[in-house]
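The block underneath contains the structure these notes are about, expressed in structure tokens.
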Ligand SMILES: C[S@@+](CC[C@H](N)C(=O)[O-])C[C@H]1O[C@@H](n2cnc3c(N)ncnc32)[C@H](O)[C@@H]1O
């Protein structure tokens, strides 16, 4: 049975409305941590000019493939690629480069060491002028942006102490260290953000 994320259902249209103009002149995109594959299928069908490469740890590939199977069957979807295995801590950053890298709800799941490796890899993998689009909750000035995010943090830590909502300032510093500059910070429903960095030449 296909895995299902209610959060993806809830946030997909708000995310699509932000990424559509950002990706209008882009051709290929790597998604890191595709999860169920719902976002990849939904967005790639609505952005037919984008060649959408899914990726995740091996254990999520079966579910992503089920979503792609259904999408291909129903829509003749041709611009979505079956998942490649990426663990940001382990993989040799890819030989291929991308115009954009998209990732949702990953930075608070990864350990901080993994987040550092993630940003380094993104900096190495993006084409000049390419965009890194990161969706999720972030703290500002060391503060939660809502009570629900504070409760979410406690829940994350109970599960794994290395998880946690990241500070905007810390991830922005990582981006700058890896050759990217903040282009935009979008407020999203449910106390989430979309941070967009551009790799400079
Ligand atoms: C909360 S899920 C989000 C999935 C999906 N992007 C979404 O928005 O529903 C976190 C994702 O991060 C991935 N992830 C966690 N650690 C990772 C790592 N070290 N390298 C790559 N992906 C990782 C998980 O496999 C999972 O797919």
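The values are calculated or read from the model by the stated rules, or taken from the named source; none is laboratory data. The model shown is predicted, which means the values in this text are computed figures rather than measured ones. We place every Cβ from the backbone using ideal geometry, glycine too, and count neighbours over all the protein chains shown.
Summary of values
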| read-out | value |
| --- | --- |
| Filtered residues of segment 150-174 (kept if under 30 Å from residue 26 (Cβ atoms) and either within 16 Å of the ligand (Cβ to nearest atom) or in contact with a helix residue (DSSP H, G or I) (Cβ under 6 Å, 6 or more places away or on another chain) (or both)) | 165, 166, 171, 174 |
| Tally, over segment 181-199, of residues that are free of Cβ contacts under 8 Å to residues at least 60 places away in the same chain and crowded, with 20+ Cβ neighbours inside 10 Å | 0 |
| Hits in segment 1-54 - residues which are surrounded by fewer than 18 Cβ atoms within 10 Å (Cβ to Cβ), within 16 Å of the ligand (Cβ to nearest atom), modelled with pLDDT of 95 or more and over 20 Å from residue 190 (Cβ atoms) | 3 |
| Answer from 86, 68 - the residue that is touching a residue at least 12 places away in the same chain (Cβ under 8 Å) and over 29 Å from residue 191 (Cβ atoms) | 68 |
| Residue in segment 130-147 that is in a helix (DSSP H, G or I), at pLDDT 95 or above and either surrounded by 17 or more Cβ atoms within 10 Å (Cβ to Cβ) or within 13 Å of the ligand (Cβ to nearest atom) (or both) present | no |
| The lone exception for residue 123 - which of (1) more than 14 Å from residue 36 (Cβ to Cβ); (2) buried (at least 17 other Cβ atoms within 10 Å of the Cβ); (3) within 15 Å of the ligand (Cβ to nearest atom); (4) touching a residue at least 60 places away in the same chain (Cβ under 8 Å) it fails | (3) |
| Subset tally (residues that are in contact with a helix residue (DSSP H, G or I) (Cβ under 9 Å, 6 or more places away or on another chain) and part of a helix (DSSP H, G or I)) for segment 1-30 | 12 |
